[in-house]
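Only one structure is covered here, and it is reproduced in the block below.
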Amino acid sequence: MKIIYSKKHKKHNPPFEIYDGVKESYAEKADRIEGIVKTLREKGFGKYIQRPFRFPKKYIQAIHHREYVRFLREKTQSLKKGNVLYPSYFMMDTYTPLVSGTYHAAIESVNIALTGAKYILQGEPVIYSLCRPPGHHASEKSTGGYCYFNNAAIAANFLASYGNVAILDIDFHHGNGTQSIFYDRSDVLYLSIHADPRKRFPYSSGFVDEIGRGDGKGFTKNYPLSLGTKNSTYLRVLEKTIQDIENYSPAYLIISLGFDTYAHDPIGGFKLTESFYSTIGKTIANLHLPTLIIQEGGYNTKALGGLAYNFLNGFIK
Ligand code: OKP
Ligand code: ZN
């Protein structure tokens, strides 16, 4: 399996996030991706593409407003090394600061997703795009939840000109950005399994009555689950989403993959076990669709490599 990775993400290194006015250490650390690569390499898993292709800005502009893209570029470039910018217009929360390297890292993360999509078009059955920063909370004109550009949405929109796309978002948090971007469209199906939004970020979306609008009605589906959810319940719900995808019969599948569903994730709240990730991978692979796997969250830096290995191994078996 080809794994798309770039070391440019390291330039995005916010020192802290703010939670109700209190500074906390930044959960979305560079070590997350480094840990995954290190473990997979030790296990001899994957063929690494270390230089993603570069793509014209039009693919980002198809999803994000131009003034938003300009804001991110100009703001981060005006920051001196070590400076941090917290909320203003275009920024939805206090978890998603700008530092001097943020724009370049976020652009590279999009390149990683689009490179994966390009390989899928060329006939690869499955690609793992190790995106960082993540993307699924970024909407048309807003950062949020550690996300700047919506990598999965940009890749999905790119693939959608060749055939319908299903996005299955299995990060612990609801992908409000991705949902919003495709809310009116029927050529991209958005499905998400996540923690009850009344209890966890992003709080204001991810409920079952959000089903899409206009042409998009019926092409968004949310599966919120209680905190404490275990393997067996999760698997039953995952199987429902597999059925939804089969009914839709897309040409391509994108997985927004988060490992913050793991029992020992520092900001999660489900109880999924390490070995269960191979079941998740295998269950999704049974669809036999060309599949682009996009990394979203997952914050237990020591465990991430093992979780990724189990998921990918389950997928190819
Ligand atoms: C991003 B992704 C903990 C508060 C964290 C923000 C969560 C962002 C999740 N101090 N709240 O979906 O994994
Ligand atoms: Zn998450």
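In the set Lys81, Lys58, only one residue is within 22 Å of Ser139 (Cβ to Cβ) and loosely packed, with under 14 Cβ neighbours inside 10 Å; that residue is Lys58. Kindly indicate whether any position in segment 256-273 is surrounded by 16 or more Cβ atoms within 10 Å (Cβ to Cβ) and without any contact (Cβ under 8 Å) to a residue 12 or more places away in the chain. Among the residues of segment 256-273, at least one is surrounded by 16 or more Cβ atoms within 10 Å (Cβ to Cβ) and without any contact (Cβ under 8 Å) to a residue 12 or more places away in the chain, which makes the answer yes. When segment 117-134 is filtered for residues that are in contact with a Gly (Cβ under 7 Å, 6 or more places away or on another chain) and within 15 Å of ligand 2 (Cβ to nearest atom), only Pro134 remains. Working only within segment 113-122, note down all residues that are away from ligand 1 (no atom under 16 Å from the Cβ) and in contact (Cβ under 8 Å) with a residue 24 or more places away in the chain. If the condition is that a residue be away from ligand 1 (no atom under 16 Å from the Cβ) and in contact (Cβ under 8 Å) with a residue 24 or more places away in the chain, then Leu114, Thr115, Gly116, Ala117, Lys118, Tyr119, Ile120, Leu121 are the ones that fit.
Can you tell me which residue among Glu42, Glu67, Glu74, Glu108 is over 24 Å from Pro14 (Cβ atoms) and among the acidic types (Asp, Glu)?
Just one listed residue meets the conditions, Glu42.
Within segment 266-299, being over 21 Å from Arg132 (Cα atoms), within 16 Å of ligand 2 (Cβ to nearest atom) and small (Gly, Ala, Ser) holds for one residue alone: Gly269.
Of Tyr26, Tyr95, Tyr103, Tyr19, which residue is touching a Pro at 6+ places or on another chain (Cβ under 6 Å) and either within 17 Å of Cys147 (Cβ to Cβ) or within 15 Å of ligand 1 (Cβ to nearest atom) (or both)?
Numbers: Tyr95 fails: touching a Pro at 6+ places or on another chain (Cβ under 6 Å); Tyr103 fails: touching a Pro at 6+ places or on another chain (Cβ under 6 Å); Tyr19 fails: touching a Pro at 6+ places or on another chain (Cβ under 6 Å).
Result: Tyr26 is the single residue among Tyr26, Tyr95, Tyr103, Tyr19 that is touching a Pro at 6+ places or on another chain (Cβ under 6 Å) and either within 17 Å of Cys147 (Cβ to Cβ) or within 15 Å of ligand 1 (Cβ to nearest atom) (or both).
Regarding segment 91-108, can at least one residue be identified that is within 14 Å of Thr143 (Cα to Cα) and surrounded by fewer than 19 Cβ atoms within 10 Å (Cβ to Cβ)? Within segment 91-108, one or more residues are within 14 Å of Thr143 (Cα to Cα) and surrounded by fewer than 19 Cβ atoms within 10 Å (Cβ to Cβ).
Entry remark, segment 205-224: residues being within 16 Å of ligand 2 (Cβ to nearest atom) and either at pLDDT below 95 or in a helix (DSSP H, G or I) (or both) number 0 in total.
Considering only residues that are in a strand (DSSP E or B) and surrounded by fewer than 24 Cβ atoms within 10 Å (Cβ to Cβ), look in segment 140-155 and name the one that is farthest from ligand 2 (Cβ to nearest atom).
Of all residues in segment 140-155, those in a strand (DSSP E or B) come to 142-144, 147.
Filter again for surrounded by fewer than 24 Cβ atoms within 10 Å (Cβ to Cβ), leaving 142, 144.
Working: Ser142: 17, Gly144: 11 Å.
Ranking the candidates gives Ser142 first.
The values are calculated or read from the model by the stated rules, or taken from the named source; none is laboratory data. Bear in mind that the values here come from a model prediction, so they are computed numbers and not experimental data. Cβ: placed from backbone, ideal geometry, glycine included. Neighbour counts: every protein chain shown.
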